[in-house]
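Here is the structure we will look at, set down as structure tokens.
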Amino acid sequence: MGCFGGSKAKKEKLSSQTKKCQKTKPKPWSKDDWKKHGRYLNQLSTPKKNYAEEKLYQAPQPRKVPLSALKPRMDSLSRPKAVASFKHDCPVGPDKCHCHVADPIRKVPAKAKSYVATKRITKLSQPKLDYQEMVRCFPMQRVMCLNKRILVPRSSYRIKKLAMPKYQHLCTPDRNPYGVKPEALLAMASPRTMELAQPKSFSWAN
């Protein structure tokens, strides 16, 4: 049985169930509840941060480490690297070997001296063109980096096929391929075609 309907005896027995089915009235909110609800709405109404856009408009931050603290590291990096000591078979002997004393810097191999850079290497060695930096330097000149494929026109197979002239089959010099067919000359217009061919009549209201 549901919450409603039934005899009086059944209603008395199901009094506990009817109490459960009855809707409880909502309690009125206090001032603290309304303040909490307002803070929650303000938190939901704030827009989310877009970190990708922040990087574009972000000003350059100052260096955290001063340059004076980096000078010792720069001096150590500017020194040439010494050749690591390794064992080799010298004809003079290990005690009288002076192969690397005259030239402590690592020698450049002969293949590196005769190396010729390819087109791909020279293209990669060029500095990358940054559009954002160019706009900051030259705000009046909007330079767009276009790909070479876009600048060079390339027609597709469909365009080439449509550009070709139509081929007339069984075309002889005596016959005009663009002439009117005899079947078209003997054609008779239907009543519906004649009705549609007549101009429309407009009735101008006074």
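Readers should treat all values here as calculations from the given coordinates under stated rules, not as data from a laboratory. It should be emphasised that the depicted structure is a prediction, and the values quoted were computed from it without experimental measurement. Cβ atoms come from the backbone with ideal geometry, glycine included; neighbour counts cover every protein chain shown.
In this simple spin-label model, placing a label point 7 Å from the Cα along the Cα-to-Cβ direction at both LYS123 and ALA184 gives a separation of 5.4 nm.
Each peptide among 29-41, 189-201 gets the average number of other Cβ atoms lying within 10 Å of its residues, and from highest to lowest they stand as 29-41, 189-201.
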